[in-house]
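Below you will find the structure I want to go over with you.
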Amino acid sequence: MSPFTSHMQAALAEARAAAARGEVPVGAVIVGPNGRIVARAGNRTRELNDPTAHAEILALRAACAAAGSERLPGHDLYVTLEPCPMCASAISQARIARLYYGAADPKSGGVAHGPRVFDHPQSHHVPQVYDGIGAAEAEALLKAFFAPRR
């Protein structure tokens, strides 16, 4: 068995790039069964005028296009913030094997907070979930982004 390699730093880089574009700093990367990043994205909701253009959704779209499939078994998703209900549902639909996320989101999260999408019987697939990976840096990015806006 190969040692665990976190790809959260790549997701954090995507979050920093999103912040530089004026987007909420959330970044995501999808890692294939071979351990290599197959897709990466940061939030682009404002840029694309698209409320679904969350980092996770954009990364899922790119990874599915690359795989030629709507499902990504054996793939891992790293995201800097707890996925919202929309993203958690898409993660389930894509059959992501493992979800690693950084900061918790008590206000808008859909995994450990709010509707807890994976706990519902309607959730066709439940990934393994690991939280708190890179949480301090993810939280710092979010706080720095929102501080001048409040």
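The values are calculated or read from the model by the stated rules, or taken from the named source; none is laboratory data. Please read these numbers as outputs of a predicted model, since none were measured by experiment. Cβ: placed from backbone, ideal geometry, glycine included. Neighbour counts: every protein chain shown. Quick note on the areas: whole protein, heavy atoms, side chains included, nothing else; ligands and nucleic acids left out. Shrake-Rupley method; radii C 1.70, N 1.55, O 1.52, S 1.80 Å.
Run the simple label-point estimate for R95 and R16 please: 7 Å along Cα→C-beta, distance reported in nm.
For R95 paired with R16, the spin-label model returns 3.6 nm.
For G132, what charge total do you get from the other residues with a beta carbon under 12 Å from its beta carbon, if Lys and Arg give +1 and Asp and Glu give -1?
-4
Answer with one residue from G35, G114, P25: the one whose Cα lies farthest towards the positive end of the charge dipole of segment 1-129, charges on Cβ with Lys, Arg +1 and Asp, Glu -1.
G35
Counting heavy atoms of the protein chains only and a 1.4 Å probe, report the per residue accessible area for the chain as a whole number of Å².
So the chain comes to 50 Å² accessible per residue, rounded to a whole number.
Moving on. May I ask for the net charge around G109, where only other residues with Cβ less than 11 Å from the Cβ of G109 are counted and Lys, Arg are +1 while Asp, Glu are -1?
-1
Just how far, in whole angstrom, is segment 78-103 from segment 30-57 if you go by their alpha carbon centroids?
So the separation of the two Cα centres works out to 11 Å.
Additional query: Please figure out what share of the DSSP beta bridges in the chain is antiparallel and state it in percent, rounded to the nearest 5.
Here the antiparallel bridges make up roughly 50 percent for the chain.
OK, next. So if I place +1 on the C-beta of Lys and Arg and -1 on the C-beta of Asp and Glu, and nothing else carries charge, what would the dipole magnitude of the chain be about its Cα centre? I want it in debye, nearest 20.
220
Then there is this: What part of the accessible area of segment 52-124, given as a whole %, is carbon or sulfur when the probe is 1.4 angstrom?
Exposed carbon and sulfur together represent 54 percent of the surface.
Please give the direction-averaged projected area of the C-alpha convex hull for segment 7-150, in square nanometres with one decimal.
7.9
For Y130, which sequence-distant residues (separation of 5 or more, or a different chain) have an amide H within less than 5 Å of its own amide H, given hydrogens modelled in the peptide plane?
Here L99, Y100, Y101 satisfy the definition.
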